[in-house]
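First the structure, in the form of structure tokens, and then the observations on it.
No lab work stands behind these numbers, since they all come straight from the coordinates. Note that the structure is a prediction, hence the values are computed from the model and not measured. Positions of Cβ are generated from backbone atoms using ideal geometry, with glycine treated the same way; all protein chains shown enter the neighbour counts.
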Amino acid sequence: MRITYLSVIDMQGASTIRLHNYAVEMARLGHDVTFIAAAGPKRAAENVKTKYMWEVKEKPFRGLSLTASSFFSLLEEGKPDIIHFGKPLPVSGLPSILYKKIFPCSVICDWDDLEGSSGFSEFRPFPEKQVISFFESWIPEQVDGIVVVSKALEKLARKHCKKVLYLPQLALVDKFGPHVSGAEMRKRYGWGKKKILLFTGGFGKYSDADVCVKAMKHVLKEEDALLALFGSGETKSLIKKMIMELGLEGNVKVYDAIPFEEMPKLLAAADVLLAPMSDKWANNFYRLPVKMFEYMAAGKPIVAQDVGEARRTLGNAAYITKPTEGDFARGIVKALRGGKRIGLNARKRAEKEFTTKQVKRLETFYESFV
């Protein structure tokens, strides 16, 4: 099959990483794969043709430029059998649907989060919020199939489309795991032999990095450890302010995002991996962070909160706590004191549930359209 993936987020974004991981696996199976992404950090992969779109950074022209760039990028790629685009948004959905009208092919939407009035758009101004909400309902009705990351999204998607595939993220067990050394990262950041609690994923409205910071007040009463927060985003300055107000500057450090290629070494350098999900509506029903799958593949103790898809996804591969800072802190202390078994469970779960089996299910889904 000729498969073209389209994402209007750059290669550092979780949604793009998810799609790109599957693109790589489809290429390994012998399919002709092209990946189109927004301009930004590069990420090469064997046998995957990669293109980066042009865009105008200034609002309100960014959305229009991405929409046009998406369409012309599709035109340049010839005639794929499948277009698999990320998110039911106008910048990705409209170009894909328009292309199908001109050159018949099957169009599949990858739905990994709610962006409309019930999701991230609650932070957006009028009328952007209303426009995104409209397209999030309209686009799923125009596509041939939808791939979703959570059971809640699956239920919603089936109201719009007959062919829906529930497909969580891939765990990249060949890139992450016990075979990777974290020594380079410990040396780079001057961590030495400190116990490292690691949070990755950025500082967005729903990233919940603040949960980790607040929990450290309680953790430090029991254990001496360093919390390392990695990423970028609009709440980064607020997190730094919180750290200062709580007097945690010596035990909580904020670092810039690093290239995806360095993530396996970063996770290998940690003692405990943190996956907070506070008790918010979007977390309860739709979100499933890609870091959970990277964490499992790394084979390190994980501490997560019992919200949304966390328990279904992680099973016995994590200390799963109630969504309070005190309970989260107690889970962290347990992981520091004896989390080796949990780490082994995490690796086994990644290898068994979120690798080849997932890829074959997606390939079968594609074949049903061709």
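For q = 0.21, 0.22, 0.25, 0.27 Å⁻¹, what log10 I(q)/I(0) does the stretch 68-148 give under the Debye formula with an equal point scatterer on each alpha carbon and no solvent?
Here log10 of I(q) over I(0) equals -0.90, -0.96, -1.14, -1.26.
Quick one: among 92, 137, 237, which has the greatest mean-square fluctuation in a GNM of the chain with alpha-carbon springs under 10 angstrom?
So, out of 92, 137, 237, the one fluctuating most is 237.
Mind telling me which of 270, 37, 45 comes out most flexible in a GNM of the chain, alpha-carbon contacts under 10 Å?
45
Size of the dipole of the chain about the Cα centre, Lys and Arg at +1 and Asp and Glu at -1 on the beta carbon, nothing else charged, in debye to 20?
920 debye
Can you run the Rg to Rh ratio on the stretch 50-187? Use alpha carbon positions and the Kirkwood inverse-distance Rh.
Here the Rg-to-Rh quotient is 1.05.
Taking a quarter of the surface of the Cα convex hull of the stretch 183-353, what do you get in nm²?
9.0 nm²
Counting each pair of different Cα atoms once, what's the Kirkwood radius of the chain in Å, rounded to one decimal?
For the chain, the Kirkwood estimate is 21.1 Å.
Please list 3J(HN,Hα) in residue order for the stretch 42-47, calculated via the Karplus relation 6.51 cos²θ - 1.76 cosθ + 1.60 where θ = phi - 60°; whole Hz, with x for glycine and proline.
Values per residue, Gly and Pro as x: 8, 8, 8, 8, 4, 6 Hz.
What is the dipole size for the stretch 183-353, taken about its Cα centre, with +1 at each Lys and Arg Cβ and -1 at each Asp and Glu Cβ, in debye to the nearest 20?
500 debye
Toward the positive end of the charge dipole of the stretch 183-353, about the Cα centre and with charges on Cβ (Lys, Arg +1; Asp, Glu -1), which of 192, 282, 250 goes farthest?
The listed residue farthest towards the positive side: 192.
Work out which trypsin sites (Lys or Arg not before Pro) in the chain are exposed loop sites (DSSP not H, G, I, E or B, at most 10 other Cβ within 10 Å) and give the longest gap free of them.
Longest stretch, sites excluded: 222-370.
Take the cross-link list 100/129; 151/265; 49/79; 51/291; 194/253; 79/100 and give me the ones stretching past 20 Å between alpha-carbons.
Listed pairs above 20 Å: 100/129; 151/265; 51/291.
Please name which of 45, 346, 293 has its Cα lying farthest along the dipole of the chain towards the positive end, using unit charges on Cβ (Lys, Arg +1; Asp, Glu -1) and the Cα centre as origin.
The one lying farthest along the dipole's positive direction is 346.
Considering the options 226, 209, 315, tell which one lies farthest towards the positive end of the dipole of the stretch 193-352, charges being +1 on Lys and Arg and -1 on Asp and Glu at the Cβ, about the Cα centre.
Going by the Cα projections, it comes out as 315.
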